[in-house]
Amino acid sequence: MANNAEGLLEREDAIDSGKPGEASGPDVVLAAAATEEDYDWLGELTSTGSGQRDAIKRLHELMLRAARFKLSRMGEASRLGHVRADEIVQSSADEAVVAILAKLSTFEGRSRFTTWAYKFGILHTATAVRREVWSNTEIDLSSIPEPTSRLGDPVAHVEGLALSGALRRCIAECLTPHQQRILIAITVEGIPIDVIADRLHTTRNTVYKTLHEARRRLREGLIAQGYINTTEEVN
């Protein structure tokens, strides 16, 4: 019975929040193995002259490796073609280097510098690929489509109808029209947050906050209707 709710109420940490310092998982594991950890990254990058230039060059090479690695892990990247994929690798590496240099003061040393930096390359590449893949896709964010049930067996179907009705009521009564559009676009239609942010001319973080608030309100509505047992969750 919870199938319809899972996509709408999945934990926010399952969605990339867009903060390089918080990225994790297999995309980042190879960072340390790919570089020399005895190199004084912070010292060289904040120096002047040839030392800084060499450090930036090495950082760019690391970002190229990160971009190529991420690209190889994204199935949708196969639709780009070799030329466009290489362009994205280069531009993502460039943007990642600029972002890292601007955020050097935020590095707290809780992880290796290369692991921290590698995440910038991962994030910028993923964002660029998603934007490119969706660039020619028409997205209607002015209307609010209704989530549909895909439950198959009769018992689950009956239960699903009740939950579906509860979801529709909560979406209509607990969420603003803007929150409704964001929630359904991301959780039901699978549109990436980056793409929605671009189309709405806003930031990724703003869209994420809207999604978080929509899920919170929807969850409270389902709890009030008895579809989520908070006692069982605590136990």
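Values quoted throughout were computed directly from the atomic coordinates according to the rules given, and no laboratory measurement underlies them. Just so we're clear, the structure is a prediction, and the values are computed from it rather than from any experiment. Cβ atoms come from the backbone with ideal geometry, glycine included; neighbour counts cover every protein chain shown.
Observations, loosely collected:
- In nm, spacing of pseudo-spin labels at H82 and V188 (7 Å Cα→C-beta vector): 4.3 nm
- Based on Cα contacts under 8 Å between residues 6+ apart, region 36-123 shows a relative contact order of 37 percent.
- Least to most buried among R215, R169 (fewest other Cβ within 10 Å first): R169, R215
- Computed from point charges on the beta carbon alone (+1 for Lys and Arg, -1 for Asp and Glu), the dipole magnitude for region 31-134 about its Cα centre is near 440 Debye.
- Residue order, fewest to most beta carbons within 10 Å, for K119, K209: K209, K119
- Within region 38-73, chymotrypsin sites (Phe, Trp or Tyr not before Pro) in DSSP loop having at most 15 other beta-carbon neighbours inside 10 Å: Y39
- In region 77-114, GluC sites (Glu not before Pro) in a DSSP loop with at most 14 other beta-carbon atoms within 10 Å: E108
- 10 Å beta-carbon shell around G51, net charge (K/R +1, D/E -1): -2
- Separation in nanometres of the label points that stand 7 Å from Cα toward Cβ, at D54 and N229: 6.5 nm
- Among residues other than M63 with Cβ under 9 Å from its Cβ, the summed charge is -2 (Lys and Arg +1, Asp and Glu -1).
- Straightening the chain between R169 and R112 buys 15.7 nm, computed as 0.36 nm per residue apart minus the Cα-Cα spacing.
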